[in-house]
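Following: one structure in structure tokens, then a few remarks.
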Amino acid sequence: MTSLARRLGPFDATMIVMGGIIGSGIFINPYVVARQVHSAALILAAWIAGGVIALLGAFVYAELAARRPEAGGQYAYLRDAYHPGVAFLYGWVLLLVIQSGGMAAVAVTFARYTSELAGRAINEVVLASITLATLTIINILGVRSGSNTQTALMLLKLVAIAMLIVCGTIFLPRSRLLDGGNHLLDGGNHLLLRFGAAMTPVMFAYGGWQTASFISGELKRPRRDLVIGLLAGVIGVIAVYVGVNIVCLRALGTDGLAATTTPASTVMRNLLGARGAQWIAIGIAISTLGFLSQSMLTAPRVYYAMAKDGLFFRSVGDVHPVTRVPIVAIILQGAVAIIIAISGKYEQILSYVVAIDFVFFGLTGAALFVFRKRDTERAEFKAPGHPITTGVFTLACWIVVAATVAKSPLQSAIGFAILAAGIPAYLLWRKRSA
């Protein structure tokens, strides 16, 4: 029986980690945080705090990768720590809403930017579908083909971000970093609540690094390569995110940042005119395409692992003898994302899954406690500061779940209903495989 090919190394893992985190959000989201906390110091503190939590999560996933270097990553951690049913439910919502809904939304975003750059009306749904189909074909050709495409796009988006940071440093006539909005002592409890609200979009912006664990079965030395990728990738993203926010604050000031919904474009337009805005628009388009490429590379490995466990269609677990990739799983991911893009329901779907996504984050963090207690073998990498660091990460995930449910109870309830619908599906597949 043909198996997955181990053809990726630590550099590939690092690019996949960074590609899973950095999408179009960092070019846009800083204004959301600025509207919550009207202080440059608190804005930067929020992005640094979010980075620290992401790094604590990377510590957890790095040790889990060292203990369970299997295809599917997070799926395998949940299966072995708790029950195959818990892992199945994760794969269920990943395919139906979390990953596919996100990919559909980002594909349409890419199509919109491309249409604007082309200066002509292009059917966004058609272009989004063509983009998803193209990335599906690229990944069918092999894991190296998919990884090389992802790496190239990741390097291009880093160039775009570097352009923003360099231009904001060199061509800025004067810094507005300390202009207005520095009310650190105002608000009392209200300030704490606003900071908590600011942390929600920050936490979402740092999400995505966990998907790198899905390709553990194709890393040459997963116990080492994924550890390096997780730690180097998350640290790299923290540096990028803080750098972008410093530039936005220096160029626009706190009030100016809060006043615009397109901070990166506003900064480049102020510095270099219409040409600067066009350059950053190209960078955003490349960044969205890079996120899509990373998603198409990683997520199908979860469905492959589910099929191997007898919890999904058997053909999804087939590996092509030449390309050594799960072709059916990749086609399935592309097809579901295209269907959601055509339906136009992606934004609605994304509002359902925020709480669900962080439920599984929290469960995965808690899984490390299970493995530490159960396993007798010493892991090649151990999460620094465990159990405190692991506990902080897990608690942060539950806080996001609670905050999301409190803020959007109806959408969260629909999301949990979709999750619950996976229970009879799991029982059906388990009965079929028995």
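The values are calculated or read from the model by the stated rules, or taken from the named source; none is laboratory data. Source: prediction; values computed, not measured. Backbone-built Cβ (ideal geometry, glycine too); neighbour counts: all protein chains shown. Surface areas here come from the heavy atoms of the whole protein model, side chains and all, with no ligands, DNA or RNA. Shrake-Rupley method; radii C 1.70, N 1.55, O 1.52, S 1.80 Å.
Brief remarks on what is shown
- Only one of LEU230, LEU252, LEU219, LEU311 that is aliphatic (A, V, I, L, M) and in contact with a strand residue (DSSP E or B) (Cβ under 6 Å, 6 or more places away or on another chain): LEU219
- Every pair of residues 6+ apart whose Cβ atoms lie under 8 Å, when the first sits in the range 415-434 and is closer than 24 Å to LEU350 by Cβ while the second is open to solvent by 60 Å² or more (accessible area, probe 1.4 Å): ILE418/LEU96
- Filter result for LEU127 (of a type in the set (A, V, I, L, M), open to solvent by 10 Å² or more (accessible area, probe 1.4 Å) and out of contact with any Leu (no Cβ under 6 Å at 6 or more places or on another chain)): yes
- So THR288, is it at pLDDT 90 or above, open to solvent by less than 10 Å² (accessible area, probe 1.4 Å) and farther than 20 Å from GLY73 by Cβ: yes
- Test result for ILE338, farther than 20 Å from LEU89 by Cα and assigned to a helix (DSSP H, G or I): yes
- Sole residue being at pLDDT 90 or above, open to solvent by 40 Å² or more (accessible area, probe 1.4 Å), under 22 Å from ARG144 (Cα atoms) and of a type outside the set (A, V, I, L, M), chosen from ASP309, ASP318: ASP318
- Looking at ALA87, ALA76, ALA104, just one residue is under 18 Å from the mean Cα position of the chain (by Cα) and surrounded by 23 or more Cβ atoms within 10 Å (Cβ to Cβ), and that residue is ALA104.
- In the range 23-39, the residues that are closer than 15 Å to PHE195 by Cβ and hydrophobic (A, V, I, L, M, F, W, C): VAL32, VAL33, ALA34, VAL37
- Among the residues of the range 22-73, those that are under 16 Å from the mean Cα position of the chain (by Cα), part of a helix (DSSP H, G or I) and modelled with pLDDT under 90 comprise GLY25, ILE26, PHE27, ILE28.
- All conditions in (1) assigned to a helix (DSSP H, G or I); (2) open to solvent by less than 30 Å² (accessible area, probe 1.4 Å); (3) at pLDDT 90 or above hold for THR211, with the sole exception of (3).
- Check on GLU63, of a type in the set (D, E, K, R) and open to solvent by 10 Å² or more (accessible area, probe 1.4 Å): no
- Residues that are within 25 Å of ILE286 (Cβ to Cβ), of a type outside the set (Gly, Ala, Ser) and crowded, with 24+ Cβ neighbours inside 10 Å, drawn from the range 15-46: MET15, ILE16, VAL17, MET18, ILE21, ILE22, ILE26, PHE27, PRO30, VAL33
- Taking helices (runs of 4 or more DSSP H) as the structural unit, those lying wholly within the range 93-179 and holding at least 2 residues that are without any contact (Cβ under 8 Å) to a residue 12 or more places away in the chain correspond to 124-140, 143-170.
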